[in-house]
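Report on the following structure.
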Amino acid sequence: MAVTLETAHAWLADYASVIHDNADLLTDLDRQIGDADHGSNMDRGMKAVAALEAADFDDAAAYLKKAGMTLVSTVGGASGPLYGTFLLRFAGAVGDGGKDALGAALRAGLDGVLQRGKAEVGDKTMVDALTPAVEAFEAAGSLDEALAAAASAAASGRDAATPLVARKGRASYLGERSKDHQDPGATSVTLLLESAARTLGG
Ligand code: ADP
Ligand code: MG
Ligand code: MG
């Protein structure tokens, strides 16, 4: 089993703690090409998610749906609706929580982010980390291999976006000056996939 109520809760608890530990880093990255709030936005949202108790939910889908709604209502900015949509769509496709269902959930989450944010790979956003992560997950054989491949592909996608000019979000207002800065959202998405690899394995 990959995603159960227990492992889904462990995933987001791990992510909340990692976001808290990296909040200053994420805010510093956002200070370079945005408005210096990505760390505080995500930390506020994930604190609220971490306050959700697994025992109050019937299954992983119900818990993840509530987590997504919590992010929409607490994070604000561009990233709140995008992360919220990711988790809501993920929840809707997580099914039995096995490797294929987790792949479908990740794909559904990515599709939701693409629909809502209208970014493409190469626009220097969280999509640049999330897209290769989903592709690597789908291409891998076992669940554990897929989780490791997704985390590693997210990090590569995050780094590949650093030299690019931003074409979506606040960073795009900087034009050429957004070059050679690491994208905050691609960074926090990579942390999410790294948390998944630690907690959702078989
Ligand atoms: P805001 O820019 O509103 O202050 P945050 O700082 O919390 O919001 O989040 C910024 C991140 O959101 C960016 O680094 C980028 O990865 C992501 N982002 C912004 N706009 C989009 C979009 N249209 N599609 C996908 N991701 C986006
Ligand atoms: Mg910001
Ligand atoms: Mg902001």
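Please work out if Ala10 is among the small types (Gly, Ala, Ser), more than 16 Å from ligand 3 (Cβ to nearest atom) and within 15 Å of Val189 (Cα to Cα). Walk me through it before giving the result.
Details: among the small types (Gly, Ala, Ser): yes; more than 16 Å from ligand 3 (Cβ to nearest atom): yes; within 15 Å of Val189 (Cα to Cα): no.
Judged against the criteria, Ala10 is not a match.
Pairs only if they're at least six apart or on different chains, beta carbon under 7 angstrom, first in region 68-91 and of a type in the set (Lys, Arg), second part of a helix (DSSP H, G or I); list them, first residue then second.
Pairs that qualify, where the first residue is of a type in the set (Lys, Arg) and the partner is part of a helix (DSSP H, G or I), are Arg89/Ala108; Arg89/Gly109; Arg89/Asp111; Arg89/Gly112.
Inspect all residues belonging to region 49-57 and state whether any of them is touching a residue at least 24 places away in the same chain (Cβ under 8 Å), within 16 Å of ligand 1 (Cβ to nearest atom), under 25 Å from Leu114 (Cα atoms) and of a type outside the set (D, E, K, R).
The answer is yes; a qualifying residue exists.
What number of residues within region 27-70 are surrounded by 23 or more Cβ atoms within 10 Å (Cβ to Cβ), more than 14 Å from ligand 3 (Cβ to nearest atom) and outside any helix (DSSP H, G or I)?
Residues meeting the conditions: 0.
Scan region 137-166 for residues that are charged (D, E, K, R) and within 17 Å of Leu29 (Cα to Cα) and report the count. Explain how you work it out, then say what you get.
Taking region 137-166 first, the residues charged (D, E, K, R) are 138, 144-145, 158-159.
When the remaining residues are screened for being within 17 Å of Leu29 (Cα to Cα), the result is 158-159.
Of the residues in that region, 2 qualify.
Which residues, taken from region 71-87, are of a type in the set (Val, Ile, Thr) and surrounded by fewer than 20 Cβ atoms within 10 Å (Cβ to Cβ)? Walk me through it before giving the result.
The first filter runs over region 71-87 and keeps only residues of a type in the set (Val, Ile, Thr), leaving 72, 74-75, 85.
Of everything in region 71-87, those that are of a type in the set (Val, Ile, Thr) and surrounded by fewer than 20 Cβ atoms within 10 Å (Cβ to Cβ) turn out to be Val72, Thr74.
Name the pairs whose Cβ atoms lie under 7 Å apart, with the first residue in region 21-33 and touching a residue at least 12 places away in the same chain (Cβ under 8 Å), the second within 14 Å of ligand 3 (Cβ to nearest atom) and of a type in the set (Asp, Glu), and 6 or more positions between them or separate chains?
Going by the 7 Å Cβ cut-off, the qualifying pairs are Ala23/Asp43; Thr27/Asp37; Asp30/Asp37.
Name the residues in region 83-111 that are among the basic types (Lys, Arg) and within 14 Å of the chain's Cα centre (by Cα), would you? Explain how you work it out, then say what you get.
Residues of region 83-111 that are among the basic types (Lys, Arg), as a first pass: 89, 99, 107.
Selection gives Arg89, Arg107.
Got a number for residues in region 1-49 being under 14 Å from Val75 (Cβ atoms) and touching a Pro at 6+ places or on another chain (Cβ under 6 Å)?
Adding up the residues that qualify gives 3.
Residues to consider are Lys168, Lys118; find the one that is within 12 Å of ligand 1 (Cβ to nearest atom), charged (D, E, K, R) and at positive phi.
Working: Lys168 fails: at positive phi.
None of the others qualify; the one that does is Lys118.
Do we find that Asp128 is without any contact (Cβ under 8 Å) to a residue 24 or more places away in the chain and either under 15 Å from the mean Cα position of the chain (by Cα) or within 23 Å of Asn41 (Cβ to Cβ) (or both) in this structure?
Values: without any contact (Cβ under 8 Å) to a residue 24 or more places away in the chain: no; either under 15 Å from the mean Cα position of the chain (by Cα) or within 23 Å of Asn41 (Cβ to Cβ) (or both): yes.
No; evaluated as a whole, the condition is false for this residue.
Restricting to region 71-80, name every residue that is touching a Gly at 6+ places or on another chain (Cβ under 7 Å) and more than 11 Å from ligand 3 (Cβ to nearest atom).
Leu71, Val72, Thr74 - these are the residues of region 71-80 that are touching a Gly at 6+ places or on another chain (Cβ under 7 Å) and more than 11 Å from ligand 3 (Cβ to nearest atom).
FYI, it's all coordinate maths here, none of it is from the lab. Quantities reported herein were computed from a predicted structural model and do not represent experimental measurements. Methodologically, a virtual Cβ is constructed for each residue, glycine included, from the backbone with ideal geometry; neighbour enumeration extends over all protein chains shown.
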